[in-house]
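Step one of this worksheet: look at the structure below.
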Amino acid sequence: MSTELAKETRAAPTRRRGRTGDLLVRWSFMVPAILLLAVMLAYPIFYTIDISFSRFDLSSFGAGEWVGWENYIEVMDDYRFWESLRVTMVYLVIALPLQVVLGFGIAFLINAEWAGRGLIRALFIIDTWRWTPFIVLIATAALLALPKDVFEAAKIDGANWWSTLWSVAVPLLVPVIAATFVIRWLGAVKMFDI
């Protein structure tokens, strides 16, 4: 028994060295990609900051003379900036939650069992409303991925459609709803871009 314990004790540092070496090999493969990604992200950020404090020269497509905070002061004094900011905020506060609620609502309806739902699925997935069909597709996929046994348990417990939706499906879909909202928020912020 003691010889086996002694062998295990001697083998433990060897295993640790093997794990450390394995970890170093893994990091050596990742470091070039991480450095490249850092440079590719950092350069545009610092370049943008640089040209924001300069008079931009379109002929050379580079920063011209240094003007300091003058560009920011000019933007803050421009009524068009404040109007576009107001329009963007109204869009974010009203249209975005409406798109998400409407998209998930349609997905709940087309995933329910009823006659003619295939035709309704086809109509709502046709891309005429721009972003709502995207949300419907995400919500439909998320609903189809939910575990069926939870819904069967709710049905056995006597839950109706509304309570199953509100107490079972929505809590399970909170991560998907949050991710969809973030994706749409990022798209909405870019909507009024130049």
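The values are calculated or read from the model by the stated rules, or taken from the named source; none is laboratory data. Model, not experiment: these values are computed from the prediction. When we count neighbours, we look across all protein chains shown, and the Cβ atoms used for this are built from the backbone with ideal geometry, even at glycine. When the accessible area is computed, the model is the full protein with side chains, heavy atoms only, and any ligands, DNA or RNA have been set aside. Shrake-Rupley method; radii C 1.70, N 1.55, O 1.52, S 1.80 Å.
Descriptive notes on the structure:
- Yes/no for residue 64 being under 30 Å from the mean Cα position of the chain (by Cα) and either modelled with pLDDT of 90 or more or at negative phi (or both): no
- As a summary of the residue check, residue 81 satisfies the conditions (1) within 25 Å of residue 180 (Cβ to Cβ); (2) in contact with a helix residue (DSSP H, G or I) (Cβ under 8 Å, 6 or more places away or on another chain); (3) without any contact (Cβ under 8 Å) to a residue 60 or more places away in the chain except for the one numbered (1).
- Failed criterion for residue 183 (all others in (1) open to solvent by 70 Å² or more (accessible area, probe 1.4 Å); (2) at positive phi hold): (2)
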